[in-house]
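The values are calculated or read from the model by the stated rules, or taken from the named source; none is laboratory data. All values derive from a computational prediction rather than experimental measurement. Here the Cβ positions follow ideal geometry from the backbone for every residue, glycine too, while neighbour counts run over all protein chains shown. Areas reflect the complete protein model, heavy atoms only, side chains present, ligands, DNA and RNA absent. Shrake-Rupley method; radii C 1.70, N 1.55, O 1.52, S 1.80 Å.
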Amino acid sequence: MQAPSGCPFMNKEEFNPFDLSNPFPQYKEFREEKPVFFSGELGYYVVSRYEDVKAVFSNWKTYTSQNAQSPFKPISPVAKALMEEQGLVGLSGLSGRIPPDHTRIRRIVSMAFSLKRIKKLEPKIRDLAIEMITKFKDDGEAEIVKQLAYDLPALVIFMLLGVPENDVQKVKSWAESRLLMTWGNLSDEDQLIHAQNMINYWNYCQEMVALRKVNPTDDLPGDLIRLQEEGHEITDHEIATICYSQLFAGHETTTTLITNGTRELLAHPESWKAICEHPELIPNAIEEVLRYSPSIVSWRRRALEDSVIGGVEIPANSNLLLLMGSANRDESNFDDGEQFDIQRENSKDHLSFGYGIHFCLGSPLAKLEFKTVLEELTRLVPTMKLKENQEFKFAENTSFRAPTALEVKW
Ligand code: HEM
């Protein structure tokens, strides 16, 4: 794809947005040399400096989030027809909606997603963490993604949504398809399989809502239906979209946080030792992990009118890729931004949960889960280390970054 005239440009050989193995050195070059450029591979303007990323997130009137969940790669005609038929094209819970609908629905979802509901989950999260760690504690080694980080957030979000244990495996496999369809690089054949999974999951969410209208439950969809019955303006379809997006929003992102965080803390043994000896350092260590090694390195917006970002003219209707992974290390905001420092005072100024009206609603839950996991890992296996000579692999996609496996020993 051609860059608009006069705009800094990078082709696929210069910037491959699907390769997340170690994007940070390149991000630094972008910030210093081409803070805003046009990516030929994506057809998006890429924004890398802290100030610019935050300004775009803050201005929802000029930069809409409606493209945040649209597929990067065109969906094949067959898969698209199948999804259109089932009403799946353009379906979003909150992050792809705009005011006034976004304001109305977010207010109601925030009531259901209260700190009280999250606090209620805390003892269950701790039980799960202890149970999982105890299973591998005597083995002297573990693969953290498979044995802890993948399942724990899924089980927590299933509790929140009230998905019964028997359905967990199938629902999990359907939900994974959404990541691949939206942010991945799939063949036409694979798209069809994943489109069918997404349809299965969407139908499941609609049934969940219908069932709760007959039998009220003590979970997030149950709360949303109660609020609807009390007169808050939210439709059954909107409640189903919230369930549909929660599972995705709350699972892989938190798996990634636990994986990246455990890896970074073990890769900096002095930090691991510090949190073992002083667990009160854990909350800030989590903010620093989110800053330094974010679960989501990039997120999207579309410009609705002509504007200028970082001195570059952005025409109306342009798509933007905001590099939070780069903004979070911007030296103009974070001293020695490339250094991992769990005692950094402004770690929590990171943009890993977005900023502004779409700021992540699940951030307290994600942090609570990782805090609980770290408290139990440092208590039960304080001598944990990374296994030597591991080659970390990262799934090919534009946004969700964490190693697919993490081998540890003690
Ligand atoms: C480390 C874990 C997580 C990360 C990094 C993360 C990141 C994000 C990001 C980047 C956004 C978009 C912000 C924007 O467009 O300005 C977002 C929105 C959202 N997240 Fe999270 N998230 C995480 C965990 C969760 C969890 C556990 C849940 C729920 C259980 C959740 C629910 C949501 C929802 C509902 C939105 C949409 C909010 C809106 O548009 O008003 N997230 N999150």
Fill in the blank from the handout: Residue hits (segment 279-300; hydroxyl-bearing (Ser, Thr, Tyr) and in a helix (DSSP H, G or I)) are Tyr292
Fill in the blank from the handout: When segment 219-245 is checked residue by residue, the ones that are in contact (Cβ under 8 Å) with a residue 60 or more places away in the chain, acidic (Asp, Glu) and part of a helix (DSSP H, G or I) are Asp223, Glu238
Exercise for the section: Select from segment 341-370 the residues that are part of a helix (DSSP H, G or I) and of a type in the set (A, V, I, L, M) and list them in ascending order. Expected result: Ile357, Leu365, Ala366, Leu368
Problem - Lone unmet requirement of (1) farther than 26 Å from Leu121 by Cα; (2) among the β-branched types (Val, Ile, Thr); (3) at pLDDT 95 or above for Thr398 - result: (3)
Exercise for the section: Report, by residue number, each residue of segment 226-271 that is open to solvent by 10 Å² or more (accessible area, probe 1.4 Å), more than 9 Å from the ligand (Cβ to nearest atom) and either of a type in the set (Lys, Arg) or in contact with a strand residue (DSSP E or B) (Cβ under 7 Å, 6 or more places away or on another chain) (or both). Expected result: Arg226, Arg263, Leu266, Ala267
Handout entry: Tally, over segment 350-370, of residues that are more than 6 Å from the ligand (Cβ to nearest atom) and among the aliphatic types (A, V, I, L, M)
Key = 3
Handout entry: Of all residues making up segment 80-100, the number that are away from the ligand (no atom under 11 Å from the Cβ) and over 19 Å from the mean Cα position of the chain (by Cα)
Key = 11
Practice task
Restrict the check to segment 371-387 and report whether at least one residue is assigned to a helix (DSSP H, G or I), surrounded by 15 or more Cβ atoms within 10 Å (Cβ to Cβ), at pLDDT 95 or above and near the ligand (Cβ under 9 Å from one of its atoms).
Solution key: no
Practice task
Return the total of residues in segment 308-340 being small (Gly, Ala, Ser) and outside any loop (DSSP other than H, G, I, E, B).
Solution key: 3
Handout entry: Test for Ser307: is it within 15 Å of the ligand (Cβ to nearest atom) and hydroxyl-bearing (Ser, Thr, Tyr)
Key = no
Problem - Total residues in segment 7-62, condition in a loop (DSSP other than H, G, I, E, B), over 12 Å from Leu322 (Cβ atoms) and of a type in the set (Lys, Arg) - result: 3
Exercise for the section: Identify all residues within segment 155-198 that are in contact with a helix residue (DSSP H, G or I) (Cβ under 8 Å, 6 or more places away or on another chain) and outside any helix (DSSP H, G or I); write none if there are none. Expected result: Gly162, Val163, Leu186
Completion exercise
Within segment 176-211, restricting to residues that are touching a residue at least 40 places away in the same chain (Cβ under 8 Å) and touching an Asp or Glu at 6+ places or on another chain (Cβ under 8 Å), the one that is surrounded by the most Cβ atoms within 10 Å (Cβ to Cβ) is Gly184
Completion exercise
Filter segment 344-370 for residues that are in contact (Cβ under 8 Å) with a residue 24 or more places away in the chain and among the small types (Gly, Ala, Ser); the one that is most open to solvent (accessible area, probe 1.4 Å) is Gly356
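Restricting attention to segment 77-86, does a residue exist that is open to solvent by less than 60 Å² (accessible area, probe 1.4 Å), of a type outside the set (A, V, I, L, M, F, W, C) and out of contact with any Asp or Glu (no Cβ under 7 Å at 6 or more places or on another chain)?
So far as segment 77-86 goes, no, none of its residues is open to solvent by less than 60 Å² (accessible area, probe 1.4 Å), of a type outside the set (A, V, I, L, M, F, W, C) and out of contact with any Asp or Glu (no Cβ under 7 Å at 6 or more places or on another chain).
Would segment 273-286 turn up any residue that is crowded, with 20+ Cβ neighbours inside 10 Å, in contact (Cβ under 8 Å) with a residue 40 or more places away in the chain and not aliphatic (A, V, I, L, M)? Before the answer, list the steps.
At the first step, the residues of segment 273-286 found to be crowded, with 20+ Cβ neighbours inside 10 Å are 275, 282, 285-286.
This time we only want the ones that are in contact (Cβ under 8 Å) with a residue 40 or more places away in the chain, so: 275, 282, 285-286.
Imposing the further condition that a residue be not aliphatic (A, V, I, L, M) reduces the set to none.
No - not one qualifying residue is present in segment 273-286.
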Exercise for the section: Report whether or not Asp330 is buried (at least 20 other Cβ atoms within 10 Å of the Cβ) and acidic (Asp, Glu). Expected result: yes
Handout entry: Selection from segment 65-112 of residues that are touching a His at 6+ places or on another chain (Cβ under 6 Å) and under 25 Å from Thr398 (Cα atoms)
Key = Ser65, Ser95
Practice task
Any chance you could count how many residues in segment 87-118 are open to solvent by less than 70 Å² (accessible area, probe 1.4 Å), in contact with a Ser or Thr (Cβ under 9 Å, 6 or more places away or on another chain) and either assigned to a helix (DSSP H, G or I) or at positive phi (or both)?
Solution key: 2
